[in-house]
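The values are calculated or read from the model by the stated rules, or taken from the named source; none is laboratory data. Computed from a predicted structure; not experimentally measured. In this analysis, Cβ positions are derived from the backbone assuming ideal geometry, glycine residues included, and neighbour counts consider all displayed protein chains. All accessible areas refer to the heavy atoms of the entire protein, side chains included, with ligands and DNA or RNA removed. Shrake-Rupley method; radii C 1.70, N 1.55, O 1.52, S 1.80 Å.
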Amino acid sequence: AQSVTQPDIHITVSEGASLELRCNYSYGATPYLFWYVQSPGQGLQLLLKYFSGDTLVQGIKGFEAEFKRSQSSFNLRKPSVHWSDAAEYFCAVGALSSDMRFGAGTRLTVKP
Amino acid sequence: DTGVSQDPRHKITKRGQNVTFRCDPISEHNRLYWYRQTLGQGPEFLTYFQNEAQLEKSRLLSDRFSAERPKGSFSTLEIQRTEQGDSAMYLCASSWTGPEDEQFFGPGTRLTVL
């Protein structure tokens with residue numbers, strides 16, 4: 001059965017520092033992988049997605065993620081965090097849209 | 001704004017009552033999804049439509065839940081005989097047809113069952 005694990009429930013980083021959010025998945029076939037961000041009172045917004053090809057994916061707002069098949073990971077990174085990045089981040093996996101499974105999320109706090 | 005809209009944004013009801021939520025997708029999208037999100041968890045898939053056809057339902061979706069998309073445009077999600085365990089955020093999303101197509105999410109309807 002497919003599943004997504006986000007090991008970090010809450011992460012705090014200082015503004016300007018680098019960020020890495022971890023995501024591990026379990027899926028029987030080649031997965032489609034996604035990162036979404038959810039701000040309070042806002043809908044989920046897609047940051048980036050991976051289907052095939054280059055394993056380093058660029059997204060919006062300066063985020064990137066790297067697919068590592070051998071580690072079943074799809075970690076999200078940003079070189080310099082801004083205060084506006086504080087939000088909840090969700091990793092998701094699926095091959096068909098209806099099969100999409102989300103992780104439990106990582107809440108990011110940004111210190112001034 | 002032509003994004004996904006949901007109504008109402010908040011609903012408080014008493015246990016045993018029926019509630020209905022509405023979702024208006026992005027107009028050119030033919031897929032529409034419903035998810036449920038509880039505190040501290042990611043969204044859980046409930047069901048999805050392609051045009052007016054309901055193509056899949058999660059095993060999480062009990063018989064008290066029913067969803068419709070009568071004309072392939074807006075959708076409704078009804079919960080009958082609500083229980084306290086139904087308290088959650090109900091999210092709607094829409095997309096084009098392919099699995100690689102981005103799902104655009106609405107702001108959600110927060111349901112509180114007293």
What is the average number of partner chain Cβ atoms found within 10 Å of a Cβ in B:41-48? 6
Rounded to the nearest whole Å², what accessible area per residue is found for chain A with the 1.4 Å probe? 47
Roughly how big is the A-B contact, given as buried accessible area in Å² (both sides, 1.4 Å probe, nearest 100)? 1600
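Could you please state how large a percent of the accessible area of the protein assembly as shown is carbon and sulfur, counting protein chains only and using a 1.4 Å probe?
That share works out to 47 percent.
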Could you order peptides B:42-52, A:41-51 by the average number of other Cβ atoms within 10 Å of their residues, highest first? B:42-52, A:41-51
Based on the alpha-carbon gyration tensor of the protein assembly as shown, what equivalent-ellipsoid semi-axes (square roots of 5 times the eigenvalues) come out, in whole Å, largest first? 30, 20, 16
Give the Debye-formula value of log10 I(q)/I(0) at each listed q (0.16, 0.20 Å⁻¹), with one equal scatterer per alpha carbon of chain A, two decimals each. -0.67, -1.03
Work out from phi, with θ = phi - 60° and the Karplus expression 6.51 cos²θ - 1.76 cosθ + 1.60, the ³J(HN,Hα) of each residue of the range A:10-24, listed in order in whole Hz, and give x for Gly and Pro. 9, 10, 10, 10, 7, 4, x, 7, 7, 9, 9, 10, 8, 8, 10
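Mind checking B:88-96 for the average number of partner chain beta-carbons within 10 Å of each residue's beta-carbon?
Counting other chains' Cβ atoms within 10 Å and averaging over B:88-96 gives 1.
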When we measure straight from the Cα of B:Lys71, which aspartates and glutamates land under 12 angstrom away, once same-chain ones fewer than 8 places off are left out? B:Asp24, B:Glu52
Which of the lysines could a cross-linker bridge to A:Lys111, judged by Cα under 20 Å and excluding same-chain residues fewer than eight apart? A:Lys61, A:Lys78
